Each structure stands twice: as C-alpha cells, then as structure tokens.
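Trainee: So that we are looking at the same thing, I have put the structure below in structure tokens.
Read-outs: derived from the displayed coordinates by stated rules, not from any lab. Here the structure is a predicted model, which means the values were calculated and not measured. Every residue, glycine as well, gets a Cβ built from its backbone with ideal geometry; the counts of neighbours run over all protein chains shown.
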Amino acid sequence: MELNGKTIGEIAISNPNAIRVFERLRIDYCCHGNRSLEDACAAAGVNASDVRNEISAQRLTGDGRDWSRETLMDLMRYIVDTHHTYTRDTLQTVCKLAAKVADRHGANHPSTTMVKALAGKLSDDLFPHMIKEEQVLFPYVEQMERAIGGGFDLPDSCFGTVRNPIRMMMMEHDAAAEILAALRMATDDYTLPDDACISFRALYEQLMALEEDLHRHIHFFMSNNFHTVRGLKE
C-alpha cells in the first residue's frame, strides 16, 4: 500500500492493519488525524520508518493452494496461522475502539454502548473457541491422520467420536455469526453518523473486516469438508 502523501487518518481508514499498529503503539490517528505519518510517529516517540514497514507487511489472506489436495495437518496450521492470528489481533483492537467510541459518543449515540457490549461478547466467545480448536480438536485430528496414514489404531479421546467437538465448533461458529449479525443491526449496517470521528469510522471498518474474515473461515471450514473429517473414518 502506498503511504506517501497520506495523512495518519487516511492511512487508518484505508488500511485495517494500520489500526492495529497505531493502537498498539499509541499513535494518535483520531483527534490529530490530519498529521503526516512522520509527525504522528514523532509525537508518539516511535520510528516512522519502522511503523511504515510494519504497516506495509500485510497479512496473508490466502495463497491459491488447492486445499482439497493438502493434508488436514496443513489445513489446520493454515487456519491457526492466518485466521486465528488475525482474529485475535483484530478482536483486541475492536474492543479498545468500541470502548473509546462508547466513551466519547455514547451520550449522542446510545447504540455505541450496545456495540461495545456485543464486541466484548464476541471476544469472550471467540477466544476460548480458538483455544479449543488449537488444544483439543486440531491435535486429535492430527493424531487421527497420522494413525490412518501409518495403519495404526485410532487414538483414544475423552469426547467419544471426533464429530462431537467438530459439531460444537460449528455451533460456536453460528453463535459468532449471530453476534456479528446483531452488530450489523445495532449499527444500521455500519452506517456512520455525520459526527463520526476517525476512531468511530475505524471501528466500523474493523468490524466489517472481522465479519468478512469469519465468514471466509466458516466457508473454508465447510468447503474443505473438515466437518466430515475428510477421508478419516472412525
């Protein structure tokens, strides 16, 4: 992304990755969004060149691989390294932004309080969901795939058939999607008020991006037949 000639506010709006960088480094892109990247970084006491490089290092959203031909182990690593990493980073940013926007605009826009609550609920649901995938479901499926490939007996589990945790993950995907739908309703399909500041706009941009990524993840999960434990028979 070309950053030259853009104000810090313009960079924040046009690049979701920049919001996460600015929030982490406490770079003010809202109240003083008309400044250059260099001036904003100087005020925050950080190196503008380092920030520029970090913003330009975009997250991978896919690499064109035919996942139907890949192992489930490779598929699971991809989910953790891309979707989970992105979701954790974005949720942290969204919750900070939602709190900031509710604090500044709650009196004139009561819906921002609901947005803050829903963002917190989404975070509370998705963080443990990802931990269960990473620490329970994915390791067991990896053991199953290794056993099938080596001609060994399937590993024991504490949850019976592997389809039980898979079914639970799918139910939790649906619950997260319902929260995102509630966020769309609370924000009138992310329609910004006339007095929306940069943080307000950034919040809506981040929520829309998170919704898109979760929908992509659910489609990815289903279209690769993960829900049937592709090719693994119990």
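Trainee: What ranking, highest mean first, results for peptides 41-54, 149-162 when packing means the other Cβ atoms within 10 Å averaged over each residue?
Mentor: Result, highest mean Cβ count within 10 Å first: 41-54, 149-162.
Trainee: Can you tell me the orientation of helix 111-132 relative to the chain, as the angle in degrees between its alpha-carbon axis and the longest Cα principal axis, to the nearest 10?
Mentor: With rounding to tens, the tilt is 30 degrees.
Trainee: Sequence gap at least 6, Cα distance under 8 Å: using those rules, report the relative contact order of the stretch 59-183 to the nearest whole percent.
Mentor: Here the relative contact order equals 26 percent.
Trainee: Please give every one of the lysines within straight-line cross-link reach of residue 132, meaning a C-alpha to C-alpha distance under 24 Å, and leave out same-chain neighbours fewer than 8 residues apart.
Mentor: Cross-link targets: 121, 233.
Trainee: Moving to a separate point now. With label points built 7 Å along Cα→Cβ from the Cα atoms of residue 174 and residue 148, find their separation and express it in nm.
Mentor: Distance between the two pseudo-spin positions: 2.5 nm.
Trainee: To the nearest 20 debye, what is the magnitude of the charge dipole of the stretch 67-228 about its Cα centre, counting +1 on the Cβ of each Lys and Arg and -1 on the Cβ of each Asp and Glu?
Mentor: 180
Trainee: Taking 30 Å as R0, compute the FRET efficiency from the Cβ-Cβ separation of residue 77 and residue 44 and round it to 0.05.
Mentor: Details: r = 35 Å, r/R0 = 1.17.
It comes out at approximately 0.30.
Trainee: Could I ask something else about it? Expressed as a rounded percentage, what relative contact order does the stretch 8-56 have, with Cα pairs under 8 Å and six or more residues apart?
Mentor: The normalised contact order for the stretch 8-56 reaches 38 percent.
Trainee: What value does the chain have for Rg/Rh, both radii from Cα atoms and Rh as Kirkwood defines it?
Mentor: Checking Rg against Rh, the ratio lands at 1.05.
Trainee: Sorting 123, 111, 199 on the 10 Å Cβ count, fewest up front, what's the list?
Mentor: Details: 123 19, 111 15, 199 24.
Listing 123, 111, 199 from fewest to most nearby Cβ atoms yields 111, 123, 199.
Trainee: Go from 0 up to the bin containing the longest alpha carbon distance in the stretch 8-56, width 10 Å each, and give me the % of pairs per bin.
Mentor: 31, 66, 3
Trainee: Ok, one more. When only Cα pairs under 8 Å and 6 or more residues apart are kept, what is the percent relative contact order across the chain?
Mentor: Relative contact order, the chain: 25 percent.
Trainee: Please work out the Cα center distance from the stretch 118-171 to the stretch 183-197, rounded to the nearest Å.
Mentor: 36
Trainee: What is the list of residues in the stretch 106-122 whose amide nitrogen lies under 16 Å from a point 7 angstrom out from the Cα of residue 188, following Cα to Cβ?
Mentor: Flagged as within label range: 106-115.
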